[in-house]
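Visitor: I have a structure I would like to understand better, so I am pasting it below and will then ask my questions one at a time.
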Amino acid sequence: MSESSTRFLLTDRALRGALGRLRPGEVRYLTDHEGTRSGVTLTAKLQGRATGPRAYWLVRYSLDGRRRELSLGTYPELPLQHARERKRELARRYAAGERDLHAVVAAEEEARRRAREEAARERERQRLTFGALLEAYAEELESRGKSRWGNEVRAHLRRYLQCLAELPAHEVGPEELVDVIAKVRERGLRRTADIIRTMVHAAYQAALRAPYDHRAHPALRRFRLESNPAAALPAGEVTRRERVL
């Protein structure tokens with residue numbers, strides 16, 4: 001395998017031409033002349049292969065007197081202009097005292113990974129709606145042999161709580177519940193209003209306990225709630241039988 005190295009101001013035309021002339025087994029390093037005094041350089045490693053030539057972007061720098069190489073990606077998937085911009089950013093970090101660019105990139109990748117995970121969790125939280133919470137609670141009641149109350153939860157959701165059904169469960173607060181329950185009471189359905197408050201309180205409590213209760217319905221464990229909005233509402237009058245909720 002033969003190797004050669006050249007330094008000049010890289011262009012797309014020069015890169016494509018060099019790739020076209022590359023023989024199988026040949027390796028060439030083309031270093032971009034831009035910003036070489038920064039101590040951080042951008043180099044294209046061109047490698048001839050039987051299946052066709054490939055080009056890889058490398059950022060070279062020194063750490064504790066030793067040359068280090070950091071891979072940025074492949075060309076043309078990562079265009080020359082983008083590779084230059086990335087190298088400039090790393091050169092600024094290097095000049096500011098962050099000499100271990102591998103550690104810099106690793107920290108950035110970890111931050112992006114955490115951001116992706118947080119975004120995924122937030123998307124999941126948005127899908128875990130108030131309606132889904134009450135449905136999961138109804139399923140838990142059924143699993144405990146309380147099918148009648150499971151059906152009651154669904155019926156109250158359809159009749160009185162449908163306006164909250166599509167809201168993320170963690171975004172439903174006492175204000176939203178008060179509005180719904182007050183309207184039910186204004187219709188003269190005071191006992192129904194009290195049952196709704198008890199039902200919602202029980203559903204949220206079940207979800208709050210679920211991560212730590214091996215007996216809990218699996219669907220409730222997904223919610224990861226932090227508070228119970230119904231806890232701020234005064235408890236109404238419910239019968240002893242209704243307390244099974």
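Visitor: With the condition kept exactly as written, say whether any residue in segment 178-189 is within 23 Å of Glu122 (Cβ to Cβ), in contact with a Ser or Thr (Cβ under 6 Å, 6 or more places away or on another chain) and not hydroxyl-bearing (Ser, Thr, Tyr). Give the steps one after another, and end with the answer.
Guide: If we filter segment 178-189 for residues that are within 23 Å of Glu122 (Cβ to Cβ), which is where we start, we get none.
For segment 178-189, residues within 23 Å of Glu122 (Cβ to Cβ), in contact with a Ser or Thr (Cβ under 6 Å, 6 or more places away or on another chain) and not hydroxyl-bearing (Ser, Thr, Tyr): absent.
Visitor: A follow-up question, please. Please go through segment 199-226 and pick out each residue that is at pLDDT 95 or above and among the hydroxyl-bearing types (Ser, Thr, Tyr).
Guide: Of everything in segment 199-226, just one residue is at pLDDT 95 or above and among the hydroxyl-bearing types (Ser, Thr, Tyr), namely Tyr204.
Visitor: In segment 181-199, which residues are of a type in the set (A, V, I, L, M) and in contact with a Leu (Cβ under 6 Å, 6 or more places away or on another chain)?
Guide: Within segment 181-199, Met199 is the sole residue that qualifies.
Visitor: Can I ask one more? Could you please let me know if Gly20 is modelled with pLDDT under 95, farther than 14 Å from Ala91 by Cβ and touching a Lys or Arg at 6+ places or on another chain (Cβ under 6 Å)? Steps first, answer last, please.
Guide: Working: modelled with pLDDT under 95: yes; farther than 14 Å from Ala91 by Cβ: yes; touching a Lys or Arg at 6+ places or on another chain (Cβ under 6 Å): no.
So Gly20 does not fit the description; no.
Visitor: Right, next: What tally of residues in segment 125-152 results from selecting those that are in contact with a helix residue (DSSP H, G or I) (Cβ under 8 Å, 6 or more places away or on another chain) and in a helix (DSSP H, G or I)? Don't jump to the end; show me each part of the working.
Guide: Looking only at segment 125-152, we keep the residues that are in contact with a helix residue (DSSP H, G or I) (Cβ under 8 Å, 6 or more places away or on another chain), and these are 125, 128-142, 146-147, 149-152.
Then keep just the ones that are in a helix (DSSP H, G or I); that gives 125, 130-142, 147, 149-152.
Adding up the residues that qualify gives 19.
Visitor: Here's a follow-up. Output yes when any residue across segment 65-81 is more than 30 Å from Pro24 (Cβ to Cβ) and exposed (fewer than 14 other Cβ atoms within 10 Å of the Cβ), and no when none is.
Guide: yes
Visitor: Still on this structure, I have one more. Within the set of pairs 6 or more residues apart or between chains, which connect a residue that is without any contact (Cβ under 8 Å) to a residue 12 or more places away in the chain inside segment 125-147 to a residue that is surrounded by 17 or more Cβ atoms within 10 Å (Cβ to Cβ) with Cβ atoms less than 6 Å apart?
Guide: Glu142/Gly150
Visitor: Quick check on my filter: what residues within segment 202-233 are touching a residue at least 40 places away in the same chain (Cβ under 8 Å) and of a type outside the set (A, V, I, L, M)?
Guide: The answer is Tyr204, His217, Arg222, Phe223, Arg224, Glu226, Pro229.
Visitor: Further question on the same structure: Return yes when Ala155 is assigned to a helix (DSSP H, G or I), under 21 Å from Glu122 (Cα atoms) and at pLDDT 95 or above and no when it is not.
Guide: When the stated conditions are applied, Ala155 does not pass them.
One line per residue, one yes/no per condition, for (1) under 30 Å from Glu26 (Cα atoms); (2) in a helix (DSSP H, G or I):
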residue: Ala55; (1), (2): yes, no
residue: Ala83; (1), (2): yes, yes
residue: Leu90; (1), (2): yes, yes
residue: Ala103; (1), (2): no, yes
residue: Glu109; (1), (2): no, yes
residue: Glu117; (1), (2): no, yes
residue: Ala120; (1), (2): no, yes
residue: Arg123; (1), (2): no, yes
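Visitor: On the given criteria, is Leu233 modelled with pLDDT of 95 or more, over 27 Å from Ala120 (Cα atoms) and not polar (S, T, N, Q)?
Guide: no
The values are calculated or read from the model by the stated rules, or taken from the named source; none is laboratory data. The model shown is predicted, which means the values in this text are computed figures rather than measured ones. Using ideal geometry, Cβ is built from the backbone for each residue, glycine included, and neighbour counts are taken over all protein chains shown.
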